[in-house]
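This report refers to the structure that appears directly beneath it.
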Amino acid sequence: MSGSYDDSVGVEVSSDSFWEVGNYKRTVKRIDDGHRLCSDLMNCIHERARIEKTYAQQLTEWAKRWKQLVEKGPQYGTVEKAWHAVMSEAEKVSELHLDIKSALMNEDFEKIKNWQKEAFHKQMMGGFKETKEAEDGYRKAQKPWAKKLKEVEAAKKAYHAACKEEKLAISREMNSKADPALNPEQLKKLQDKVEKSKQDVLKTKEKYEKSLKDLDHVTPQYMENMEQVFEQCQQFEEKRLRFFREVLLEVQKHLDLSNDVSYKNIYRELEQNIKTADAIEDLRWFRANHGPGMSMNWPQFEEWSADFNRTLSRREKKKASDGVTLTGVNQTGDQALQHTKHSSHLSVPSNTVQSLQSSYNPFEDEDDTGSTVSEKEDNKIKNVSSSEKNQSYPTEWSDEESSNPFSSTDANGDTNPFDEDASPAMEVRVRALYDYEGQEHDELSFKAGDELTKTEDEDEQGWCKGRLDNGQVGLYPANYVEAIQ
């Protein structure tokens, strides 16, 4: 009979107590939950590692993009270096977060994975060996007590049924005494039934009390056996809890950058680089390189020369590398001046005047035929990109300046900078990053966000040739636009 015993049949669980039959299953389920929690913790760490990797990549991309923007932008001097230090900080922090990602995956994740594999052993038929051992231990400890409990429930049910029958028999007997139609024989049967029901009540009560005593007798042993199995489950769970605590502390150490010496050094270095920014030094540098502190080749009288009796195109000016030669010509169409082939030359070192526009002849001849010459001068200063920061501001001469004391009143016209033969280039649509106001007649003007077409690639000076949507063609700084993807 014991071999076919099922502790879940015929017994109603009356409370939620651990001692009730079958309620041990919660502690058994905790073992399966432990395995699932290991998987959950691994997924948690894996997601955090992915976040760290993504953040590191975003920091690197951000630093790279803004380094290029600052380099091509108008900022200069020590403040530019301080600005670059912020991007350097991002690159270093990015490396630290990649280290965090590696530590989370290579150490913490793998540690949990290995512990889970060692702590939980899968069976061929499904489930875990540890779960089955706990289930069998509880069933074995509960089986004798559950059997006695089943007997107690049966005895209680029989006793309560006997009590009910006794009450009905007494009630029938009382009613029969008031009924004159009943004969004495029938009345005697009712009395016998009452007597029999009373005896049944006594027998069932005695059996009920005996079954309770038997149950009380096995209860201590039942509790002891259940405690032993429960303690085994507690010890297994304690190992898991302690392991989780250990792993989470290691995760905390990997995530906590506040105690990382290299992390502190990054911001200590960043602070030092920012504090080294000196406004006075930057202003002094700008004055010397782009302001009144620059050297100047002031105009001097130069005899006319046939070799320079034409206007240099912008492309020809770019070819000057080691030095710039300034020549002056003074000639009108009404005067037949005798000229000599001697002309004064001023050599300017390339490290002093890097802008190729400085090679403009301030006294250029506008007409190649020699009939009329216009001497031009224009003191406008161009906006320069950061690629031209170490160059002197270029000046170009235009006969549109009516106040130019060196211009001739009978000049024939301006030189078209686009008359030269240009090598064909693929047209590219670009978008303006900043506002730009053309400083000369051959330059385009646009607002940030405007779109235009680039017709020629960037030259050595950082200028591109393009066309606005209204058809206007001209030059613009290459670093003021970006290609439309």
key: Only one of Asn479, Asn470 that is at negative phi and in a helix (DSSP H, G or I)   = Asn479
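Residue under question is Lys188, and the condition is that it be of a type in the set (Lys, Arg), within 30 Å of Phe18 (Cα to Cα) and out of contact with any strand residue (DSSP E or B) (no Cβ under 7 Å at 6 or more places or on another chain); does it hold? Before the answer, list the steps.
Working: of a type in the set (Lys, Arg): yes; within 30 Å of Phe18 (Cα to Cα): no; out of contact with any strand residue (DSSP E or B) (no Cβ under 7 Å at 6 or more places or on another chain): yes.
Here the answer is no, as Lys188 does not meet what is asked.
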ask   = Residue check: is Ser403 at pLDDT below 90 and in contact with a helix residue (DSSP H, G or I) (Cβ under 8 Å, 6 or more places away or on another chain)?
value = no
ask   = Pairs under 8 Å by beta carbon, first residue in contact (Cβ under 8 Å) with a residue 40 or more places away in the chain and within 21 Å of Tyr138 (Cβ to Cβ) in region 210-224, partner charged (D, E, K, R) and part of a helix (DSSP H, G or I), six or more apart or different chains?
value = Leu215/Lys148; Leu215/Glu151; Val218/Lys148
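Mind checking which residues of region 256-299 are aliphatic (A, V, I, L, M) and either open to solvent by 50 Å² or more (accessible area, probe 1.4 Å) or over 30 Å from Trp115 (Cα atoms) (or both)?
Residues satisfying the conditions are Val261, Ile266, Leu270, Ile274, Ala277, Ala279, Ile280, Leu283, Ala288, Met294, Met296.
Of the residues Leu241, Leu202, Leu212, which is among the aliphatic types (A, V, I, L, M), within 30 Å of Phe18 (Cβ to Cβ), at pLDDT 90 or above and open to solvent by 90 Å² or more (accessible area, probe 1.4 Å)? Spell out the reasoning first.
Details: Leu202 fails: within 30 Å of Phe18 (Cβ to Cβ); Leu212 fails: open to solvent by 90 Å² or more (accessible area, probe 1.4 Å).
On inspection, the qualifying residue turns out to be Leu241.
Condition check ((1) of a type outside the set (D, E, K, R); (2) modelled with pLDDT under 95; (3) part of a helix (DSSP H, G or I)) across all residues:
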| site | (1), (2), (3) |
| --- | --- |
| Thr60 | yes, no, yes |
| Lys64 | no, no, yes |
| Val86 | yes, no, yes |
| Ser94 | yes, no, yes |
| Asn106 | yes, no, yes |
| Lys111 | no, no, yes |
| Tyr138 | yes, yes, yes |
remark   = If you go through Trp145, Trp115, the only one that is assigned to a helix (DSSP H, G or I), aromatic (Phe, Trp, Tyr) and under 30 Å from Lys213 (Cα atoms) is Trp145
request  = Could you pull out the residue among Ala90, Ala134 that is within 59 Å of the chain's Cα centre (by Cα), farther than 30 Å from Ser262 by Cβ and open to solvent by less than 30 Å² (accessible area, probe 1.4 Å)?
outcome  = Ala134
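Closer than 22 Å to Lys25 by Cβ, surrounded by 16 or more Cβ atoms within 10 Å (Cβ to Cβ) and out of contact with any strand residue (DSSP E or B) (no Cβ under 6 Å at 6 or more places or on another chain), is that true of Glu227?
no
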inquiry  = If I go through region 54-77 residue by residue, how many of them are surrounded by 17 or more Cβ atoms within 10 Å (Cβ to Cβ) and more than 26 Å from Ala478 (Cβ to Cβ)?
reply    = 2
inquiry  = Testing Pro180 on (1) modelled with pLDDT of 95 or more; (2) open to solvent by 90 Å² or more (accessible area, probe 1.4 Å); (3) not hydrophobic (A, V, I, L, M, F, W, C), one condition comes back false. Which one is that?
reply    = (1)
request  = Would you be able to say whether some residue in region 114-127 is surrounded by fewer than 16 Cβ atoms within 10 Å (Cβ to Cβ), free of Cβ contacts under 8 Å to residues at least 40 places away in the same chain and closer than 30 Å to Glu458 by Cα?
outcome  = no
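The values are calculated or read from the model by the stated rules, or taken from the named source; none is laboratory data. The shown structure was predicted, so the numbers you read here are calculated from the model rather than taken from an experiment. Note: ideal-geometry Cβ built from the backbone for every residue, glycine included; neighbour counts use all protein chains shown. For the accessible areas, the whole protein counts, side chains as well, though only heavy atoms, and no ligand, DNA or RNA atoms are used. Shrake-Rupley method; radii C 1.70, N 1.55, O 1.52, S 1.80 Å.
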